[in-house]
1. Which entries in A:LYS162/A:LYS186; A:LYS72/A:LYS228; A:LYS26/A:LYS72 show an alpha-carbon gap greater than 24 Å?
2. Which residues make up the longest stretch of chain B clear of GluC sites (Glu not before Pro) that lie in a DSSP loop with no more than 13 other Cβ atoms within 10 Å, not counting the sites?
3. Mind checking which aspartates and glutamates have their C-alpha under 16 Å from A:LYS312, skipping anything on the same chain fewer than 8 residues away?
4. Between A:LEU65, A:LEU203, A:LEU298, which gets the highest mean-square fluctuation from a Gaussian network model of chain A, Cα cutoff 10 Å?
5. Label points 7 Å out from Cα along the Cβ direction at B:LYS390 and A:GLU160: separation in nm?
6. Which of the peptides A:382-389, A:153-160, A:182-189 is most tightly packed, and how do the rest follow, going by the mean number of other Cβ atoms within 10 Å of each residue?
7. Which lysines have a Cα lying under 26 Å from the Cα of B:LYS232, excluding residues fewer than 8 positions away in the same chain?
8. Under a point-charge model restricted to the Cβ atoms of Lys and Arg (+1) and Asp and Glu (-1), what is the dipole moment magnitude of chain B relative to its Cα centre, in debye to the nearest 20?
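The numbers here are math on the coordinates, done by the rules we state, and not lab data. Keep in mind that what you see is a predicted model, and the values were worked out from it rather than measured. Glycine gets a Cβ as well: all are built from the backbone with ideal geometry, and neighbour counts include every protein chain shown.
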Amino acid sequence: MSSHGIRDQVAIVGMGCTPFGEHWDKSADDLLIESSSAALASAGVPLDDVDAFWLGTMGSGLSGLTLSRPLKIDYKPVTRVENFCATGSEAFRNACYAVASGAYDTAMAIGVEKLKDSGYSGLVVAAPANDGTSVTITAPASFSFLAPAYAKKYGVDEAEMKDVLTRIAWKNHRNGALNPRAQFRKEVPKETIACSPLVAGPLGIFDCSGVSDGSAAAIVVRAEDAHKYTDTPLFVKALSFVAGPAAGPIDPSYDYTSFVEVVRSAQDAYRQAGITDPRAELAMAEVHDCFTPTELVLMEDLGFAERGMGWKEVLAGTFDLDGELPVNPDGGLKSFGHPIGASGLRMLFEAWLQLRGEAGPRQVKVEGRKNRALTHNLGGAPGACVSFVSVVGRELG
Amino acid sequence: MRGIVSYSAYLPYRRLQRSAITAALGQGGGRGARSVASYDEDTTSMGVEAARLALAAAPDGAVPGLVSFATTEPAYLDKTNANALHAALGLPAHVGAYDVVGSVRSNVAACLLAEAHDGLAVVSDIRTGLPGGGDEANGGDAAVALLYGEGDAVLAHGIGGATATAEFVDRWRTPGDAASRQWEERFGEHAYLPLVEAAVTDALKSAGLTAGELDHVVLAGLHSRAVKAAAKVVGARPEALADDLSAQVGNPGAAQALLVLADVLDRAQPDQVIAVVQLADGCDVWLLRTTDAIASYRPAVSVRDQIAATRDDLTYASFLTWRGFLRREPPRRPEPERPAAPPSLRSTAWKYGLIGSRDEAGFVHLPPARVSMASGDIDHMTPVRMADTKATIATFSIDRLAYSLSPPVVAAVIDFDGGGRFQCELTDVDPASVAIGDRVEMTFRRLYTTDGVHNYFWKARPLRSAP
């Protein structure tokens, strides 16, 4: 494998993130202006000093004009990217590579999504003209395949499984209650979660992430220039992105208890970052908790728990804010909703706050070997997805 | 000798107790039950199911000379509905496919055409009427397919027949109307009975038979009063009169005569004479004699076994919804896009024939792929038809958010016997009873209709209990 990575070549020197929620009074333009302005201010960089832009959005606009028009960008390269629900992370990854290549000194990665303007429940994706043969099941249904498969494979009974999924939602809402940018900012009792109306399979409404609008942005520069902008930059340790052959839906050996794409992207990212024991070496992780069973399976795919043990670790509080490895300390997709293009950058924004000690009541311990953060973002469905993993840290080396 | 070499009826899974109509409306209804095409069925998709069953029981290698399709409820006008059957059956392009649609009597034309060309006649109908009316309660939904051929395989062959045609207004429906209308009942009886008498007399004469020599008499027609009176006109032995299945199925219009014929053939002995008498804008009489071959013929599934395998607990509200008489609040989700014609043409084998691809190592790709997932080889594939292969549910989900005319959608991942995984919808299923490991079979359905384009594709359903 020759995925060499760009460890310590690029640094984040500024970030911005809007509150996520039902922004009836704001357009995608407004959200882009808000997050980009915050990121630029955070880095102390005027817009004119940014050499190139990567914009992630799935459905809120086509082409670089989606960003250059509202920001009145002065004839610069703006690339619009889309990679399912990992779109925001993909914008970041490409901006980092552009800087690492030497092509540009300063780049902006920015993501935005206005989901609430569609008027529909859940996520709506327009498919290209097709023959009408693909099954029209929704995202919660395709992710709900994970829960019974996992329970069956590891002998978890139905009630225990419900407790595990409920606890994941409960933990993320609890974290989100401490976050002024979250869409949902209050704790939700476990009984409310467990008894919420069913959406798909065993998943109730509270097992699903919300639908919201939001935007987040990052300014990246070469690592050697980072301290010109801030005393506390974050260095990019690893960026991995994997698209699989979409084997799950056609391969009878796929058992819906793992995302192969996540396993591969995590392995790649850990190798790039030099991480051998993620649980001991990460201060926190932001993961793609689109539905509660997703987070459960991710704990194993990302190497935070042994195979078949993730559910016990969840119940033991390993991934709580004060646990051994806090997962989704900002509240995750569960508390933020999932404006597609913005989510990956929103995850990085939490790493930015936490590793710099700016997370207030949500602050996790960043000490010793535990001085790096991971973000994980996926798009698609179990068995057929794209997966992104990044590792960032506050020190070089 | 030319005649019927295989046949099958198809009855939809659901039946409506007529008492459910009475309970809801305080009128209409009656005793017994009527069959009801599911929300995802139309006359074309039901025709495919009947044709698949008939071909499954046909002599090995039998390829119909043509497909003729009759119904009073065509899914399309202008566009030939028989072509969807042709595609779903995977028939070669040189086999013709023709509609003869609109009236009940078009079933006669479909059979004459098929008989002349060793073809497959498919008659399919969905019958209802305005809520509370007799057509609603007494109608039925069914499809029947007859394959004609020659030689030792012939189960029953024509030995005579006659027709009597007359123009009069008894029952009519303007295209687009949801229900048909009928003149005063006694007038129809007046118009029909002389025609029955003429046709029956001529038919018996053509075969050199007397009414007493008829072993089975199939009487069919939407004018039930005239049909009842016609029994006396025919003058056959009372025990020869076939059960018209109105108590279990109802009257499936154009499909009634062949449905009752199929039920008769299920039980007929060699060397028996069957008379089919249909009252529809005149009277048509066919006389058939069974052969020795019928003793060893095994239908894919008999009419009675199909009735036994169906459920009669459909709610009247579902029935009204499925037939378009009750407009329900849709989920807050976009309606599906219409299938696009060019990609549908490119994937005809997959969309209609459920034909995937098998690589050299035996791995089945569904939908068909050009690149092998295992080896990466390009275009080293052979086509493999999955429509008649049974499968097992690997996992499933009850999707309460997805758009459907009959929520919730039951989505399943199924593994075919002998290889091949496929994600599809389940139909004819009680969501509460689905389990991993359940056995399923494929069924051709109309998934939805957008902009007037019917989206036909395959779903899986629990195995109908074997006879």
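1. Numbers: A:LYS162/A:LYS186 21 Å; A:LYS72/A:LYS228 26 Å; A:LYS26/A:LYS72 18 Å.
A:LYS72/A:LYS228, as the Cα separations exceed 24 Å there.
2. Numbers: sites that count: B:GLU167, B:GLU184, B:GLU360.
Of all site-free stretches, the longest is B:185-359.
3. Filter leaves A:ASP157, A:GLU158, A:GLU160, A:ASP163, A:GLU295, A:GLU300, A:ASP301, A:ASP320, A:GLU324.
4. Looking only at A:LEU65, A:LEU203, A:LEU298, the largest GNM fluctuation is found for A:LEU65.
5. 3.4 nm
6. Values: A:382-389: 26.1, A:153-160: 12.9, A:182-189: 18.1.
The most tightly packed comes first, giving A:382-389, A:182-189, A:153-160.
7. Cα-Cα hits under 26 Å: B:LYS205.
8. The calculation lands at about 980 debye.
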